[in-house]
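The values are calculated or read from the model by the stated rules, or taken from the named source; none is laboratory data. Here the structure is a predicted model, which is why all the values come from computation and not from measurement. Here the Cβ positions follow ideal geometry from the backbone for every residue, glycine too, while neighbour counts run over all protein chains shown.
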Amino acid sequence: MPSTTPSQPKIAIIGAGPVGLTLANILHRNGITSFRVFERDTKARSTSNALAQGGGTLDVHADSGQRALAAAGLLEEFNKVARQEGEAVRVVRKDGVVVWDENDTQEDGHAAAREPGGKPDAESRGRPEIDRAALRAMLLSALPPERIVWGKQVSSLSPVPGTTAAATKWTINFSDDGDAPLHLQPQYDLVLGADGAWSRVRAQLTDAKPSFTGVVALDAWLDDVEGRRPDVARFIGRGSRFTFSADRALIFQRHGDGSARCYACVRFRDDAGAADTTTDVHAAAVGARIAASLGLKEARGGIDWGVPGIRCRFLETYFRDYTPEAREAVLALTQRPVLRPLYMLPVGLTWPSRPGVTVLGDAAHLMTPFAGAGVNVGMVDALELAEEIVGYVKKGAGQGAASLAEVIGDYEKGMWVRSSRDAAMTARALAVQFQEDGCEKMVELMSGGAGPE
């Protein structure tokens, strides 16, 4: 780590996902050289394709994510690799009736009927798609390689004894560090956690943890969908296809590497009719409940979703009233099937600000993907936090600059207000879309500027 002046705080960014890397790029572009990004994955995994990484496709909004990329000097590069056609959304009821379609033509032949108002206007566009893997690769390529430290899993953080309350320094304990003496461990002025849903950095700020939303998704892929299953490619369309009904959803996505992905979602409720939520115990109970409904005895490692007959039984049990074409499209996606419980942090989560440490992205406000907000909110976090740090550095210590504690506090106040709006919108989208008229409700949200991610 290079030596720093008082106006160049020593910064650790935890997590090399899109949010952490956006923050790093904006700092780098503004001449901040005193940071490192620590990532638990190996370099090989982090630079592989979407199917190998397991990352989805993201729509990056003009007024948020793209604004952050512009601040990083990467908007032109983004426009080269983003898929304008990928923002085409098709919303289809479970009976096959199309209620919204942004594809140029009806490619799948299933849309004999269309609901009134089912054609979008030009104002709904401006959210080109990019694979998460491609976005990450673009952000990585813009940084000097020595700024990223791979294979570093954070175990915990510790405030350095003797540092002042207003200017607390921190050490980071990594899982591979052993028992290095405290005086030999690097000390950081800022530890910025972009380390996702189960953030270790967030634990220094609040006891809040993500809760289970009651929704589980059977997630499956197929690479080269055009070559291997052109019928499924036509069924999905050029971008994404959504079907919502009471406590059910099928969500299909096309990816820039030629693959396709599907989430077959089921929302579980408790005996009182509320979403079955709150703790991991509920998620585990839902897994057992699914196994029982399929006539299976859940093994210790869970259900083997790679068995075609089990996936078929799942669809017959939970999606029997969907069209045969929809169920066949799910079954055609045979790679990497896994059941994923969906989590979220409490809407409006705040905490007492603590000098020298904060979080951004999913670590601060984990949301479900049902309103298209997630990565865009996180990238604006990165933009606003970077602006606070750059402003601090440019003013210079002793020349009227705010303290680092004020930098963190000002960022958090703005982030809490902004992200709580998006989190509330996302929670509402989940609630209204998992209804029998969920497709129509989704179109209403899209018409109001809250399209799907």
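Here is how the numbers come out for the structure above:
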item	result
Residue in region 197-209 that is free of Cβ contacts under 8 Å to residues at least 24 places away in the same chain, over 21 Å from the mean Cα position of the chain (by Cα) and not in a helix (DSSP H, G or I) present	yes
Test: residue in region 358-379 that is in the same structural domain as residue 25 (by TED's automatic domain parsing), part of a strand (DSSP E or B) and in contact with a helix residue (DSSP H, G or I) (Cβ under 6 Å, 6 or more places away or on another chain)	yes
Matching entry among 108, 104 (being touching a helix residue (DSSP H, G or I) at 6+ places or on another chain (Cβ under 8 Å), at pLDDT below 95 and assigned to a loop (DSSP other than H, G, I, E, B))	108
Test for residue 391: is it touching a helix residue (DSSP H, G or I) at 6+ places or on another chain (Cβ under 9 Å), surrounded by fewer than 16 Cβ atoms within 10 Å (Cβ to Cβ) and in the same structural domain as residue 172 (by TED's automatic domain parsing)	yes
Odd one out for residue 367 among (1) modelled with pLDDT under 95; (2) of a type in the set (A, V, I, L, M); (3) buried (at least 22 other Cβ atoms within 10 Å of the Cβ)	(1)
Criterion: more than 30 Å from residue 311 (Cα to Cα) and surrounded by fewer than 21 Cβ atoms within 10 Å (Cβ to Cβ) - qualifying residue of 155, 211, 199	155
Criterion violated by residue 193 - all others in (1) closer than 16 Å to residue 13 by Cβ; (2) surrounded by fewer than 22 Cβ atoms within 10 Å (Cβ to Cβ) satisfied	(2)
Complete set of residues in region 310-365 that are touching a residue at least 40 places away in the same chain (Cβ under 8 Å) and among the β-branched types (Val, Ile, Thr)	323, 330, 334, 338, 347, 350, 357, 358, 359
